[in-house]
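*Asks:* Dumping the structure here so I can ask a few things about it.
The values are calculated or read from the model by the stated rules, or taken from the named source; none is laboratory data. Because the structure is a prediction, the values reported are computed rather than measured. For neighbour counting, all protein chains shown are included, and Cβ atoms are generated from backbone atoms with ideal geometry for every residue, glycine included.
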Amino acid sequence: MTGRDRDVTQCSHLRALASEAACYRRWVDTIPHIAPRGDGFVVALIAHDGKKADMMDVAREHRSLLGRLRLIATGTTGQRLADGFDLDVERSASGPRGGDLQIAARIAHGEVDAVVFLRDPLTAHPHEPDIQALLKVCDIYGVPVATNQTAARILLSYLGILIAGRDAHERSRAS
């Protein structure tokens, strides 16, 4: 291969990368922006009994981020998160005792930015209408909700990116 052939190949490769970067920028611009409703992001954390271990796994992976968020959770989930990771968690009632509805009301009042609700779809729940009401309120008010571990990781990672961007912006303004 001659030097010119190498230059043409490299130039083609750079054009392809530039095209991919432009496509990526257009894609990123289409991602909805989640803006905190107050001083910082408020995230609700809920896990059915069969998913509490999964919630603890997600929390372990995102411990540093969760420490920077305002957290609300249903009863036992909140207690486990507070005890297991020394997090400040505002606790509502347990789900079957109205905790899901308490969090739904907070969403309707604009007090919650995102929800991680690790549901157990294979188990019957006596408070199923409350669960559906919570999910419906999230849909109505455009609050992102993650209902499995993978979606929870994606949602929390995105919140981490937003916080890092906000922090970088504040640092640049302070300079």
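*Asks:* In region 153-172, is there at least one residue being under 22 Å from ARG68 (Cα atoms), modelled with pLDDT under 95 and of a type in the set (Asp, Glu)?
*Replies:* Yes - at least one qualifying residue is present in region 153-172.
*Asks:* Now for a separate question. Consider only pairs whose beta carbons are under 6 Å apart and that are at least six residues apart or on different chains; among these, list those whose first residue lies in region 113-130 and is of a type in the set (Phe, Trp, Tyr) and whose second residue is modelled with pLDDT under 90.
*Replies:* Short answer, once both residue conditions are applied: none.
*Asks:* When only residues in region 90-112 that are touching a Lys or Arg at 6+ places or on another chain (Cβ under 9 Å) and surrounded by 18 or more Cβ atoms within 10 Å (Cβ to Cβ) count, which is nearest to VAL143 (Cα to Cα)?
*Replies:* Residue satisfying both the conditions and the ranking: VAL112.
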